[in-house]
Amino acid sequence: MTVVEYDGLSKDRPMKSSTVKIKQRAGRNNLGRITVRHKGSGAKRLYRLVDFNQDKLDIQGRVEALEYDPYRSAFITRVVYVDGERRYHLAHAESKVGDKIITSEKAPLKNGNRLPISKIPVGYQVHNIETMPGQGGKIIRSAGSSAQVLAHDSKYAQLKMPSGEVRKILAKNLATLGQVSNQEHSLTVIGKAGRKRLMGIRPTVRGAAMNAVDHKYGGGEGRQPRGTKRPKDIWGNVIGGPKTRKKTKWSNKLIIKRRVSRRNKK
């Protein structure tokens with residue numbers, strides 16, 4: 001079992017004004033029935049209201065503390081602005097207490113600052129990127145991730161995503177400079193089943209280990225072949241390969257280069 005280093009994080013209680021209790025109903029619908037399997041239980045958590053918009057323009061803020069967020073893989077920073085307001089922001093990889101940050105069109109090219117993509121030179125790493133102006137950051141928000149600015153083309157900028165996909169983003173959309181914090185998150189080894197349960201993940205049973213009444217692969221004396229031409233889920237739907245993205249999705253025209261699938265990488 002391995003864990004991430006948390007020594008540099010604050011041990012203070014989270015800001016009461018920026019926390020909310022979310023009722024645990026993992027995998028259940030409004031009737032309480034399971035609609036998504038393998039979810040439930042887990043440790044109690046408080047949800048932190050993170051400001052992904054960072055819409056306080058031209059007002060400087062100072063990083064007051066680095067904190068752990070149980071609802072996301074990245075760390076968060078507690079920022080106090082010169083007008084006295086405090087907000088939670090997504091922490092970048094080099095965040096430290098005392099850093100000055102600002103959201104502005106004239107912001108210096110320094111990690112943590114937020115500015116329009118049109119003002120960011122080619123080659124820089126960015127995260128917490130808007131997909132529509134004023135909507136707030138929607139993509140590149142998980143631990144250790146970042147997109148790279150490849151080119152500027154009048155109305156659009158071309159960004160290379162962590163998956164390898166190259167897509168157009170409106171040049172006036174805001175993005176934060178740098179890489180998302182907690183780069184070691186991907187190296188974590190869960191180590192034991194109990195830790196998985198604390199994360200709110202319940203056990204997954206192989207279909208071949210079930211009875212015939214419970215799964216398409218179940219039943220038989222000893223180990224049996226699958227018996228179906230294509231892999232299927234518990235409800236008999238064909239899985240393992242079909243594309244899930246809609247062919248008519250409006251944003252398809254913004255994708256310049258598709259991501260390379262794992263199958264083709266080998």
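The values are calculated or read from the model by the stated rules, or taken from the named source; none is laboratory data. This one's a predicted model, so the numbers in the text were calculated from it and none came from an experiment. Virtual Cβ from ideal backbone geometry, glycine too; neighbours counted across all protein chains shown.
Couple of notes before you dig in:
- Being modelled with pLDDT of 90 or more and crowded, with 16+ Cβ neighbours inside 10 Å is a property that holds for LEU177.
For (1) free of Cβ contacts under 8 Å to residues at least 12 places away in the same chain; (2) farther than 22 Å from ILE59 by Cα; (3) part of a loop (DSSP other than H, G, I, E, B), each residue gets a yes or a no:
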| residue | (1), (2), (3) |
| --- | --- |
| GLY112 | no, no, yes |
| GLY123 | no, yes, yes |
| LEU150 | no, yes, no |
| ALA157 | no, yes, no |
| LYS168 | no, yes, no |
| ALA175 | no, no, no |
| HIS185 | no, yes, no |
| VAL189 | no, yes, yes |
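- Residue count for the range 62-91, restricted to those that are out of contact with any Ser or Thr (no Cβ under 9 Å at 6 or more places or on another chain), of a type outside the set (D, E, K, R) and over 22 Å from GLY200 (Cβ atoms): 5
- Sole residue being under 21 Å from the mean Cα position of the chain (by Cα) and without any contact (Cβ under 8 Å) to a residue 12 or more places away in the chain, chosen from VAL20, VAL36: VAL36
- Residue within the range 125-133 that is charged (D, E, K, R) and surrounded by 18 or more Cβ atoms within 10 Å (Cβ to Cβ) present: yes
- Test: residue in the range 232-243 that is surrounded by 15 or more Cβ atoms within 10 Å (Cβ to Cβ) and aromatic (Phe, Trp, Tyr): no
- Residue selected from the range 125-138 under the condition over 18 Å from VAL166 (Cβ atoms) and in a loop (DSSP other than H, G, I, E, B), by the criterion modelled with the highest pLDDT: ASN128
- Pairs where the first residue, in the range 226-240, is without any contact (Cβ under 8 Å) to a residue 12 or more places away in the chain and over 14 Å from ALA208 (Cα atoms) and the second is among the charged types (D, E, K, R) and surrounded by 10 or more Cβ atoms within 10 Å (Cβ to Cβ), C-beta under 7 Å, 6+ apart: VAL238/ARG230; VAL238/LYS232; ILE239/LYS232; ILE239/ASP233
- Qualifying residue in the range 69-89 (condition: under 26 Å from ILE256 (Cβ atoms), buried (at least 18 other Cβ atoms within 10 Å of the Cβ), out of contact with any Asp or Glu (no Cβ under 6 Å at 6 or more places or on another chain) and at pLDDT 95 or above): no
- Count - residues of the range 90-102 that are crowded, with 22+ Cβ neighbours inside 10 Å and in a strand (DSSP E or B): 3
- Just so you know, in the range 220-257 the residues that are polar (S, T, N, Q) and part of a loop (DSSP other than H, G, I, E, B) include one that is farthest from LEU150 (Cα to Cα), and it is GLN224.
- The range 191-208 - residue that is surrounded by 11 or more Cβ atoms within 10 Å (Cβ to Cβ) and free of Cβ contacts under 8 Å to residues at least 12 places away in the same chain and, of those, nearest to SER73 (Cα to Cα): LYS196
- Scanning the range 25-67 for residues that are closer than 17 Å to ALA91 by Cβ and among the β-branched types (Val, Ile, Thr), we see that the one that is surrounded by the fewest Cβ atoms within 10 Å (Cβ to Cβ) is VAL63.
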